[in-house]
Amino acid sequence: MQEIERKFLVSSDAFKKEAYKSTRISQGFLNSNKLRTVRIRVTDDKGFLTIKGKSSASGLSRLEWETEIPKEEAETLLELCEPGQIEKTRYYVNAGQHVFEVDEFYGKNQGLIVAEVELSSEEEVFEKPYWLGDEVTGDAKYYNSMLSKRPYTDWK
């Protein structure tokens, strides 16, 4: 499946009042090679195994395959992951015809808040909420796999 998304920094926490759902996420990477990443994710009540391919030149799209696995198995697989586990809360916010997934990071990525919107094409027009900041689509330092290696708090 082809994943097409745009990513933005978030300029305020106003999105929290608009969120219709949130979930706590722990994730790690079995492989964080830039050509492919293999991610293990545990949410409040589920586990997932995800494989993502290399991003397109624009940074907007890449191949993605994901399957749900038992939460207990995902928790065990997290123990095999590379150092640098990611902890965050994901908020789901409706904006026009789209849902923005807003990630508020914790731990070594404390202070970083990023919003993503999935699109059906790279040219698709979408409504931008007022709390969106600068676009960082394609900027690899904001990829979760990179945040696990070089956390936000180390950037300064």
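With the structure loaded, tell me whether K149 is of a type outside the set (S, T, Y) and surrounded by fewer than 16 Cβ atoms within 10 Å (Cβ to Cβ) or whether it fails that test. Considered against the rule, which asks whether it is of a type outside the set (S, T, Y) and surrounded by fewer than 16 Cβ atoms within 10 Å (Cβ to Cβ), K149 comes out as yes.
If the condition is being within 13 Å of the chain's Cα centre (by Cα) and within 15 Å of G133 (Cβ to Cβ), then the stretch 1-39 contributes R6, K7, F8, L9. Residues of the stretch 110-131 that are part of a loop (DSSP other than H, G, I, E, B) and open to solvent by less than 30 Å² (accessible area, probe 1.4 Å): L112, L119, F126, P129, W131. Restricting the first member to the stretch 50-64 and to residues that are without any contact (Cβ under 8 Å) to a residue 40 or more places away in the chain, and the second to residues that are open to solvent by 30 Å² or more (accessible area, probe 1.4 Å) and part of a loop (DSSP other than H, G, I, E, B), the beta-carbon pairs closer than 7 Å and six or more apart or on different chains are K54/K34; K54/L35.
Does R36 meet the test of being within 15 Å of S145 (Cα to Cα) and of a type in the set (D, E, K, R)? Against the criterion (within 15 Å of S145 (Cα to Cα) and of a type in the set (D, E, K, R)), R36 qualifies. In the stretch 128-141, the residues that are in contact (Cβ under 8 Å) with a residue 40 or more places away in the chain reach residues that are open to solvent by less than 30 Å² (accessible area, probe 1.4 Å) and in a helix (DSSP H, G or I) with C-beta atoms within less than 8 angstrom, at least six apart or across chains, in these pairs: P129/F15; W131/F15; V136/Y142.
Considering T37, T23, which residue is at pLDDT 95 or above and of a type in the set (V, I, T)?
Values: T37 fails: at pLDDT 95 or above.
Of T37, T23, the one residue that is at pLDDT 95 or above and of a type in the set (V, I, T) is T23.
Being aromatic (F, W, Y), at pLDDT 95 or above and touching a Pro at 6+ places or on another chain (Cβ under 7 Å) is a condition met by no residue of the stretch 57-75.
The values are calculated or read from the model by the stated rules, or taken from the named source; none is laboratory data. Every value quoted in this text rests on a predicted model; they were computed, and no experiment measured them. Glycine also receives a Cβ, built like all others from the backbone with ideal geometry; neighbour counts cover every protein chain displayed. Accessible surface is based on the protein model in full, side chains and every heavy atom, while ligands, DNA and RNA are left aside. Shrake-Rupley method; radii C 1.70, N 1.55, O 1.52, S 1.80 Å.
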